[in-house]
1. Can you tell me how many residues in the stretch B:1-48 are more than 23 Å from B:LEU148 (Cβ to Cβ), hydrophobic (A, V, I, L, M, F, W, C) and touching a residue at least 40 places away in the same chain (Cβ under 8 Å)?
2. Among strands (runs of 3 or more DSSP E) lying entirely in the stretch D:4-76, which contain 1 or more residues that are touching a residue at least 60 places away in the same chain (Cβ under 8 Å) and not aromatic (Phe, Trp, Tyr)?
3. Could you run through the stretch B:189-214 and say how many residues are outside any loop (DSSP other than H, G, I, E, B) and more than 21 Å from the chain's Cα centre (by Cα)?
4. Only residues that are open to solvent by 10 Å² or more (accessible area, probe 1.4 Å) and within 9 Å of another protein chain (Cβ to nearest Cβ): list them for the stretch A:128-147, please.
5. Kindly provide the set of residues from the stretch A:219-232 that are without any contact (Cβ under 8 Å) to a residue 12 or more places away in the chain and open to solvent by less than 30 Å² (accessible area, probe 1.4 Å), ordered by number.
6. So, in the stretch B:89-126, exactly how many residues are open to solvent by less than 20 Å² (accessible area, probe 1.4 Å) and in a helix (DSSP H, G or I)?
7. Report, by residue number, each residue of the stretch C:31-49 that is more than 19 Å from A:HIS329 (Cβ to Cβ) and of a type in the set (Phe, Trp, Tyr).
Amino acid sequence: MNLERYSRQTQLKEFGLEAQEKLSVAKILVIGAGGLGVPALTYLNAMGVGTLGIVDNDVVSLSNLHRQVSYYESEVGEPKVTSLIKKLKVQNSDTKLVAHHTFLTTENALELIAQYDLVLDASDNFPTRYLVNDACVILKRPFVYGALHSFEGQVSVFNYQNGPTYRCIFPTMPNPAEIPNCDENGVLGVVPGIIGSLQALEAVKVITGIGEVLSGKFLLFDGLSQNYQKINFKKVAGNITITALKDSYEFNCAVPQASVSAQQFAELLQSEKIQLLDVRTTEEYHHYHIADSIHIPLSDLESNLEKIDYSKTIYVICQSGIRSQKAIHLITAIKPEVRLVNIEGGINKLKSYALR
Amino acid sequence: MNLERYSRQTQLKEFGLEAQEKLSVAKILVIGAGGLGVPALTYLNAMGVGTLGIVDNDVVSLSNLHRQVSYYESEVGEPKVTSLIKKLKVQNSDTKLVAHHTFLTTENALELIAQYDLVLDASDNFPTRYLVNDACVILKRPFVYGALHSFEGQVSVFNYQNGPTYRCIFPTMPNPAEIPNCDENGVLGVVPGIIGSLQALEAVKVITGIGEVLSGKFLLFDGLSQNYQKINFKKVAGNITITALKDSYEFNCAVPQASVSAQQFAELLQSEKIQLLDVRTTEEYHHYHIADSIHIPLSDLESNLEKIDYSKTIYVICQSGIRSQKAIHLITAIKPEVRLVNIEGGINKLKSYALR
Amino acid sequence: MKVLLFGIAKDIIGASEYEVPTQPKPPSTVKELKDVLVVLFPEFSKLSSFAIAVNSEYAGEEVFLHLNDEIAIIPPVSGG
Amino acid sequence: MKVLLFGIAKDIIGASEYEVPTQPKPPSTVKELKDVLVVLFPEFSKLSSFAIAVNSEYAGEEVFLHLNDEIAIIPPVSGG
């Protein structure tokens, strides 16, 4: 361990060489190398955590760059883990960096997590979050939770010293239709920077024993107002007696739902006459819409199902691709045999292609 | 402007293309490319701020790397501005990046700041902070303040729409002896990541008009407990009528105080018999000390001045180099003619050389 | 009776704070508050899982409410 | 009378919270509180510039104190 390198933090009375030593032998697994994972890994690496594992199987895309700040324009299309490890290595050559080029699954979760002291959940979907929780409970590993929505963030440390878990505050996974998921909802670029850094801070506190760990406390951050709320919550005994993973944690992301990219759709529009259902509000529709589309706002869909021709494929669009998925769930529930296709990213993405 | 790149934030109702457009024409000047400047610049660049100026004249040092996460080991010794701009450019080639290879001074402050819409104060010393404040008040520029101490941080937006300023909460610059300064006090590596990101968030809010700007509110962050306090404070009329800078904002950083690096001192120790004054606590002294040193804890110094031989040079040491500076100030005030030499970084740094 | 809204709850109501009607009578438990919200904002009925905090404490459905309580509605969020 | 300590004030007192003695009598103004601190912790006399907040409001020396007030001592910090 190079002492000068860490001298600005080892000189802190509450930290010292002892805490630095603990970091240097710690093994932390970060699930996800996206908006939260990038700052969390970057700071854990800089501060001297000995071993960092990264679980991710995604590639860099252009729309990641506004918040996933370690990736370069030239790396669009490259695996995130590869690209991130390159930078972490030159920043701190002492860290043992372990690439896990996979998503977390029921097959690999226990084996992967068992190799680490602590898990930092930087994933972007509910199935993974519930899987991380259950695997950490089974293996008795603390995990630092962080999650985002628009301008907001949530942080807590779960399963720390037999403390409460994710299921003690959110007992069951929400249904596909109720909450935006799968990286579909937007987020202001800097919010993951704040939340991911707060996760790195809590990870360091758990490993070194300094300060007061955010266990049994759920932090709510609102960036628009910079309001911070800390909610106290208690352990629900049944949640820490899990002994096996569930068979499946999947939901709509994995459910095969036909979709086309906005670009493919733009090309389709040129060549074919298609049935397009627009489920946005009347206001949004009047502002801009595609000619010959059927307009039924999502809120009125159930009472207007007769406006659609079920003998033909139905392309469904909204502003950003979330409500259109909900519309597809709704129609599928009533008419399971109909062919429905979601337009990814909706009008926003379509416009970005058109305006380029 | 590439719309897909920013689609995850433009799809936010409160943000939209309008806010993105405002960012793309904004000019922000960041003072300091250190712990706060690195994350602030990185996120402002990723989110699409059109023009970013960077004022810094420092080079990367090894003890920066635990918190200044954009710098690589191989770049120790390189100018920070050069090294940082390299990474910002490949992350977002659309940003106009302007290098100002200088420290902010009374000579250049007004001219530099006048070229920008907003200033982000990421400096690390009081003279610069008061200079930034006064220059921004004179030029009617809002500035986003952030500052650190150990595990703590402070954030506020000053001089926003005729609102309160830095001097409305801290009217006058503290004296040299009272507050650690000049990057001498330690900081946990991730704390600047949190505070610098919060500064970037506030800068975006000021530029785009979204949310509620942290003006007239002073945020106190304590990382050890994750406690957040927001203090309301009011404008003091006299503080916004400044029309000219003061002649000088200098203090102890600039006051010539003799010092040797720990490395130089280690070599001296080998070759010469020197008078060494150790001002640490008795506990620290017993834990580890250099043979033949005079031990007087800083708190007892005034009543034990007779233990020192004033005919010889006095080398002063403490744990990290802060208390030794205070001891030098104290002795100089009483015995102005004596030759005193500070050992930079104290025992911590000395040990890091010895143990390498 | 002021309610702070987070996540999708903020999107449903369209504001970050909401003043719960106390006429003819304010909700007396967390359960009653949930029922009021569902009546006034039917989209709440689709949320199977959200937490409620009263005065910064997680609150089950049986917890009693008072006029000056600070209530927060906290749906899970998944973004990363 | 609880005081939250930040920055160098925390270092001087050696804790992040401090219970101000209220016997024989509690300080009745911010000025009196400052005087008490200087007597108990002489290093405070060297701080020329620090802010005090009472119930999350910046408070001048003339502001009156009550036993249940939440007081914070906020020295300037300079690190970056």
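1. Filtering the stretch B:1-48 down to residues more than 23 Å from B:LEU148 (Cβ to Cβ) leaves B:1-27, B:48.
Those still in the list that are hydrophobic (A, V, I, L, M, F, W, C) too: B:1, B:3, B:12, B:15, B:17, B:19, B:23, B:25-26.
Filter once more, so that each one left must be touching a residue at least 40 places away in the same chain (Cβ under 8 Å): B:1, B:15, B:19, B:23, B:26.
Selection size over the stretch B:1-48: 5.
2. Numbers: elements: D:17-19, D:51-54, D:71-74.
Output list reads D:71-74.
3. 5
4. At the first step, the residues of the stretch A:128-147 found to be open to solvent by 10 Å² or more (accessible area, probe 1.4 Å) are A:128, A:138-142.
Within the stretch A:128-147, A:THR128 is the sole residue that qualifies.
5. If the condition is that a residue be without any contact (Cβ under 8 Å) to a residue 12 or more places away in the chain and open to solvent by less than 30 Å² (accessible area, probe 1.4 Å), then A:SER225, A:GLN226 are the ones that fit.
6. Qualifying residue count, the stretch B:89-126: 5.
7. Matches in the stretch C:31-49: C:PHE41 only.
The rows are residues; the columns are (1) out of contact with any helix residue (DSSP H, G or I) (no Cβ under 9 Å at 6 or more places or on another chain); (2) modelled with pLDDT of 95 or more.
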{"site": "A:ILE179", "(1), (2)": "no, no"}
{"site": "A:GLY186", "(1), (2)": "no, no"}
{"site": "A:VAL206", "(1), (2)": "yes, yes"}
{"site": "A:ILE210", "(1), (2)": "no, yes"}
{"site": "A:PHE251", "(1), (2)": "no, no"}
{"site": "A:GLN257", "(1), (2)": "no, no"}
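The values are calculated or read from the model by the stated rules, or taken from the named source; none is laboratory data. All values reported here derive from a predicted model rather than from experimental measurement. No Cβ is skipped: glycine too gets one built from the backbone with ideal geometry, and neighbour counts run over all protein chains shown. Accessible surface areas use protein heavy atoms only, side chains included; no ligands, DNA or RNA. Shrake-Rupley method; radii C 1.70, N 1.55, O 1.52, S 1.80 Å.
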